[in-house]
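The values are calculated or read from the model by the stated rules, or taken from the named source; none is laboratory data. Nothing here was measured: the structure is a model prediction, and the numbers come from that model. Heads up, the Cβs are rebuilt from the backbone with ideal geometry, glycines too, and the neighbour counts pull from every protein chain shown.
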């Protein structure tokens, strides 16, 4: 059995040998063919790999280009977003300005018959009289004084809370800390006057103590609108300038009622005024000096602010401006503000120098306080403390009598001017009569008609009859003003009693 298996194996081997011998060429060809195909596949793979590498480089470049383009789009989108935000802010600002102006022009004021009559006589009978009267040289000043009374009456009618208040104006140069000084007495933080290193008090503002915070803007006709607290924060000098016209022409002043310490302000009304010496680059601030002067004139007392961050004493320009004010019957108090920036020894020297400067200009004052609105602290004072001064002024006043006195001053100006002219005419006529007598004594020929005519013409031109009529007319107009002012206050008193 074993031999049979061996024989079979040899047989198979012989067959394989025979197959290999006869098919070797074919196998070789097949192998060569396979190797050739393998080379082709390798070349194809190499070519494909090369293409992939090139495509990869191209793809990377495309991706880099797209990324750069995308970055540009992002930047452009950011710029566009900024532009859109800017446009939106401008639109909101324009809307704010439109709403403010339209409200001021459309607002209907408090109907007060007395105030209407006062305006009617002021711009009717009184101006007609002023136009034909030629005696008073300071006529423009007199008219401005009566227009100031008109504004006070408008304020009282639309803002009755100011009735019987002692008005204290806060004056000084720009950035002296006037608004910050007033803010330091506010008991709530929900509202405050705008402050900054640039001139920001664009509209003079009356501030009184009240249980709630209320802001109102007054139109040129004396009518008032309520102003939102958030909108009020925008009323800076820059905002006013953006109108391209003077906003003060249609909103001459504002009022704020907010809780203040009754210990000092129960019977006081503060006026926050523009700096009298604003930056020359500001367009509308050329009128700020006039505005400051006008509102300072209204006050019963004046607190003058000096900013110690930029001054070591009271500036000469301040002294000159104070001298221009009519402080007759008014108290002046000086506050050296921002005193927290100075050492105590420096403050003593500064207060002493301020006092000497005031004396050099013959400016009477009731005290000097080294105070800081930032810390709400008085560091030292001369003559009288700021807080003692405020307590002293915190008393009700008879504003009705004050206004009547202002009217009386105006009519006295006219009355004295006309009477002076009458007196001069009488003196000139007396001189002419004396001249005639002198001529007769020297042998003057009374039949000289030419000379007589000239003398008679001179006498007729010096007839005081018209001036006497003007005195009578003046008295009638003054009496009408007095009656109307009393009517206004009677009406206000009746409303308070009710």
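Evaluate the stretch 336-347: report whether one residue or more is within 24 Å of the chain's Cα centre (by Cα) and assigned to a strand (DSSP E or B). Step through it out loud before you land on a result.
First, the residues of the stretch 336-347 that are within 24 Å of the chain's Cα centre (by Cα): 336-338.
So of that shortlist, the ones also assigned to a strand (DSSP E or B) come out as 336-337.
There is at least one residue in the stretch 336-347 that is within 24 Å of the chain's Cα centre (by Cα) and assigned to a strand (DSSP E or B).
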Residues of the stretch 397-409 being under 29 Å from the mean Cα position of the chain (by Cα) and assigned to a loop (DSSP other than H, G, I, E, B), in sequence order, are 397
Members of the stretch 338-377 that are touching a strand residue (DSSP E or B) at 6+ places or on another chain (Cβ under 9 Å) and without any contact (Cβ under 8 Å) to a residue 24 or more places away in the chain
none
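Just checking, which of 155, 115, 136, 122 is crowded, with 18+ Cβ neighbours inside 10 Å and not in a helix (DSSP H, G or I)?
Working: 155 fails: not in a helix (DSSP H, G or I); 115 fails: not in a helix (DSSP H, G or I); 122 fails: not in a helix (DSSP H, G or I).
Just one listed residue meets the conditions, 136.
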Assuming residue 400 fulfils every condition listed in (1) within 30 Å of residue 466 (Cβ to Cβ); (2) touching a residue at least 60 places away in the same chain (Cβ under 8 Å) apart from one, which condition is it?
(1)
Identify, from the list 361, 379, the residue that is closer than 23 Å to residue 321 by Cα, in contact with a helix residue (DSSP H, G or I) (Cβ under 8 Å, 6 or more places away or on another chain) and surrounded by fewer than 20 Cβ atoms within 10 Å (Cβ to Cβ).
361
With the first residue restricted to the stretch 297-320 and required to be within 19 Å of residue 180 (Cβ to Cβ) and assigned by TED's automatic domain parsing to the domain that holds residue 338, and the second required to be assigned to a loop (DSSP other than H, G, I, E, B) and modelled with pLDDT of 90 or more, Cβ contacts under 6 Å at 6 or more apart or on different chains are 306/314; 307/338; 308/338; 308/342; 309/338
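Could you count how many residues in the stretch 223-251 are in a loop (DSSP other than H, G, I, E, B) and either surrounded by 21 or more Cβ atoms within 10 Å (Cβ to Cβ) or at pLDDT 85 or above (or both)? Before the answer, list the steps.
Of the stretch 223-251, the ones in a loop (DSSP other than H, G, I, E, B) are 223, 227-228, 233-236, 242-246, 250-251.
Restricting the remaining residues to those that are either surrounded by 21 or more Cβ atoms within 10 Å (Cβ to Cβ) or at pLDDT 85 or above (or both) gives 227, 235, 251.
The total comes to 3.
So which residues in the stretch 315-335 are part of a loop (DSSP other than H, G, I, E, B) and over 18 Å from residue 385 (Cα atoms)? Can you show your working first?
Start the filter on the stretch 315-335 by keeping residues that are part of a loop (DSSP other than H, G, I, E, B), which leaves 315, 325-330.
Passing the criteria: 315, 325, 326, 327, 328, 329.
Looking only at the stretch 369-385, which residues are over 27 Å from the mean Cα position of the chain (by Cα) and within 29 Å of residue 193 (Cα to Cα)? Explain how you work it out, then say what you get.
Start the filter on the stretch 369-385 by keeping residues that are over 27 Å from the mean Cα position of the chain (by Cα), which leaves 378-385.
Result: 378, 379, 380, 381, 382, 384, 385.
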Pairs only if they're at least six apart or on different chains, beta carbon under 6 angstrom, first in the stretch 91-113 and at pLDDT 75 or above, second not in a helix (DSSP H, G or I); list them, first residue then second.
103/225; 104/219; 104/250; 104/251
